Amino acid sequence: MSLSPTEVAVLGTLGGAAVAAASAILTTFINRKFEDRKHLREQIMRTSVDYWQKHHECIRSANNGKLSKIAPLDTYVIHVCALMSRVMDTELTPSNVAAIVEETHQISKAAYDQAKQPT
C-alpha cells in the first residue's frame, strides 16, 4: 500500500496535532494539580493563623485582658494540616470521625510537647 504525498501530509498533520493535544492536556493536568496543592497550603496557613488568633483572643478575654502563654503558631499549623490531610484522604462517616479527631489530637499533642521543650 503506497500513500500519496497528500495522504502523508494529512497523516503527519493529524499525528502532530494529536501529540500537541496530548502534551497540552498533560501540561494542564500538572498545572492544575500544583495549583490545587498551592491553594490547599494557603488555606491551611490562613486557617491556622485565624485559629491561633481566635484562641489567643479567647484566652486573653478569659484572663481579663492579661496575656498568657499560648502554643506557638506552628503547633496550630500542624494541627490544621493533620486534620485537613486526614479529611481529604478519607471518606467521612459517622463511625470514623472519632478516630480521625483522636489521631489529629495525638499529632497536635506531640507538636505541642515538642514546642514546650527548651531549645
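Scanning the range 99-118 for residues that are of a type in the set (Asp, Glu) and either without any contact (Cβ under 8 Å) to a residue 12 or more places away in the chain or in contact with a strand residue (DSSP E or B) (Cβ under 6 Å, 6 or more places away or on another chain) (or both) returns GLU102, ASP113. In the set (1) loosely packed, with under 12 Cβ neighbours inside 10 Å; (2) at pLDDT below 90, ARG46 fails one condition alone, (2).
Among residues of the range 86-98 that are closer than 24 Å to ARG37 by Cα, those with a beta-carbon under 7 Å from a residue that is assigned to a loop (DSSP other than H, G, I, E, B) at least six positions away or on a different chain give the pairs THR90/ASN96.
For LEU11, indicate whether it is modelled with pLDDT under 95, surrounded by 10 or more Cβ atoms within 10 Å (Cβ to Cβ) and touching a helix residue (DSSP H, G or I) at 6+ places or on another chain (Cβ under 6 Å). Here the answer is no, as LEU11 does not meet what is asked. In the set (1) of a type in the set (Lys, Arg); (2) surrounded by fewer than 14 Cβ atoms within 10 Å (Cβ to Cβ); (3) within 20 Å of GLN106 (Cα to Cα), the condition left unmet by LYS69 is number (3).
The values are calculated or read from the model by the stated rules, or taken from the named source; none is laboratory data. Not measured: the values here are computed from a predicted model. In this analysis, Cβ positions are derived from the backbone assuming ideal geometry, glycine residues included, and neighbour counts consider all displayed protein chains.
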